[in-house]
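Notes to accompany the following structure.
A short reminder: the numbers here are calculations on the coordinates, not readings from a lab. Note that the structure is predicted; figures quoted are calculated from it, not measured. FYI the Cβ positions are ideal-geometry reconstructions off the backbone, even for glycines, and counts take in every protein chain you see.
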Amino acid sequence: MLPAAVLRRAQAELLDWGGRGVSVMEISHRSPDFMALAADTEARLRQLLDIGDEHVVLFLAGGATAQFSQIPMNLATPDQGPPAFVINGHWGHKASQYAALRGPVHIAARSDPLSIPPPADWNLPDDSAYVHITSNETVDGNQFAEFPQTPCPLVADMSSDLLSRALPLQRFGVIYASAQKNLGPAGVTVVIIRRDLLERAPSDLPPVYSFPQQLAKQSMMNTPVTFSWYLTGLVFEWVAEQGGVEIMAQRAKRRSAMLYDLLDRSGFYRARVPVPFRSRMNVTFDLAEADLLPRFVQEAEAVGLQGLKGHRVMGGLRASLYNALPLAAVEALVAFMNDFEQRWG
Ligand SMILES: *Cc1c(COP(=O)(O)O)cnc(C)c1O
């Protein structure tokens, strides 16, 4: 979901961006106007997450999935041990598989998909090129509540929770997120990299996949995804206007608590994930009577509650509660669920 205010602004600017008489889609990405937009977007993100000079920010294409390959290409050099993976669900597993296409990987920990392996139990060799985690497992519905301090660079896929909370930036080597869950429309991928790690990139990488070469070209080695970049910038502006990531965190907590409270009180619904590992972005749950699931989804859609069917690999139900979702939407879901239980429970 995107904030309605952002969509309205994009609509208003679609034919005439800031008095230029054209859309942002119709100008050159090399024009001073687009370069200024790019710089402004980065500055807004830096402010929201308190990103200092020790990290660089890239706005790339290819989604988080491209990063599953691009990060090992740039960071896993023969001088280091294999990259380590903490697998806490669907996406972390996929990231490890893609890295394994490029060289050996080490599995530091693997949880059943409904929890997070405790950092004290990770088997993490000191010379690991990096350790990869998925801060919020979108499909499974688990989330790191806190981030550990690690002996090797910590790499986090934050595709579904970036900007939903403040971060201890100094703990991270790389943070990446494709835009379409919590930041904007599909297209752009935000990659935040600790500056010293850029030195690892082999010089013979394909240029578009090289972090240092992309940095040298301000993420514009070739034509970037300009409209997604622009709209994501509007979302950054919106988050700042709302009060920043602390406010986003409070709202995420409130939205998810409303739903988990209902799930825990009911014998009709069941939350999948144990309390300490629960995601504030993606709430996964089941019906005690699994046969009722198609009816639940159909009736929910009929009253405007969309996208509740669980991911195809997980089944069950999932409510995604991203930054732009108003509390009223969760209230409507809770009211529907109570009503459905009364009629079918
Ligand atoms: C959606 C998602 C991805 C995949 O993103 P793409 O942009 O489609 O490549 C990867 N990781 C997480 C955590 C996701 O939620």
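For the chain, the number of Lys pairs with C-alpha atoms closer than 27 Å, counting only pairs eight or more positions apart or on separate chains, is 6. Take the alpha-carbon centre of the stretch 280-326, take the same for the stretch 4-82, and report the distance between them in whole Å. So the separation of the two Cα centres works out to 31 Å. In this label model, E331 and Q250 are separated by 1.7 nm, measuring between points 7 Å along each Cα→Cβ vector. Neighbour counts of other Cβ atoms within 10 Å put H311, H29 in the fewest-to-most order H311, H29. The fewest-to-most ranking of T150, T189 by surrounding Cβ atoms within 10 Å reads T150, T189. Residue separation of S115 and M1 scaled by 0.36 nm, minus their Cα-Cα distance, works out to 38.4 nm of gained length.
Note on M35 and M221: the model spin-label points, each 7 Å out from Cα along the C-beta direction, lie 2.0 nm apart.
Round to the nearest 0.05 the FRET efficiency obtained for F147 and H311 when R0 = 30 Å and r is the Cβ-Cβ distance. Efficiency for this residue pair is about 0.80.
When S160, S203, S219, S115 are arranged by Cβ crowding within 10 Å, least crowded first, meaning fewest neighbours, the order is S203, S115, S219, S160. Taking every DSSP bridge with both residues inside the chain, close to 60 percent are antiparallel.
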